[in-house]
Amino acid sequence: MIDVSTQFAVERLLARYVATIDEDRLEEWPGYFTENCRYQIISNENYERKLPIGVFFANNRAMLQDRVAALRQANIYEPQRYRHLVSSTLITALDNGVATVQSNFQVIRILADGAMTLFSVGRYLDRIDLRGAEPLFAEKLVILDNRRIDTLLALPL
């Protein structure tokens, strides 16, 4: 049985994570991950077929920091922002202070002219390290249900 404080810590981490992205505080985003983390955006089709190719992959916090630096300094993309809607989270396992968690998400993209589109739908499969002062993602798999990936995938999901 998962206790209420563990459930709350996991849900609070997810809420803070999406708020950071939605509020364009991307410099804070890598801080939600352990130093040696895994972050991957991958289609459901590739995930289920165990094909390793995804849309984005990082295997440590420094790679996530580089991604943010590239977004701010080098990449050119249409101004946009996201609004995440995340389901309740289900903790499927808790082993030695690391929670295995799944939740569903929708991301609405808002362009500079105010146009909105349902940008992405899928699920998060997370491993969350609860052993430190704050919970951190040791692994975050962003599994996209949509088969077509928009070329404007600039911001983290």
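Bear in mind that the values in this text are calculations on the coordinates, not laboratory data. Computed from a predicted structure; not experimentally measured. Don't worry about glycine lacking a Cβ; one is built from the backbone with ideal geometry, like all the others, and counts go over all protein chains shown.
A few points about this structure:
- Residue-count net charge about A9 - beta-carbon cut-off 15 Å; Lys, Arg +1, Asp, Glu -1: -1
- Using alpha-carbon coordinates, inclination of helix 61-73 to the longest axis of the chain, degrees: 20
- Ordering E23, E139 by the number of other Cβ atoms within 10 Å of each residue's own Cβ, fewest first, gives E23, E139.
- Peptides 31-43, 110-122 ordered by average Cβ neighbours within 10 Å, highest first: 31-43, 110-122
- Using the Cβ of E139 as centre and a radius below 11 Å, the other residues enclosed give a net charge of +1, where K and R count +1 and D and E count -1.
- Given charges at beta-carbon only (K, R positive; D, E negative), |dipole| of segment 4-144 in Debye: 180
- Degrees, to the nearest 10: 4-22 long Cα axis against longest axis of the chain: 10
- Cα point-scatterer Debye curve for segment 38-140, base-10 log of I(q)/I(0) at q = 0.10, 0.16, 0.24 Å⁻¹: -0.37, -0.94, -1.38
- Under 14 Å, Cβ to Cβ, from M63 - net charge with Lys/Arg +1 and Asp/Glu -1: +1
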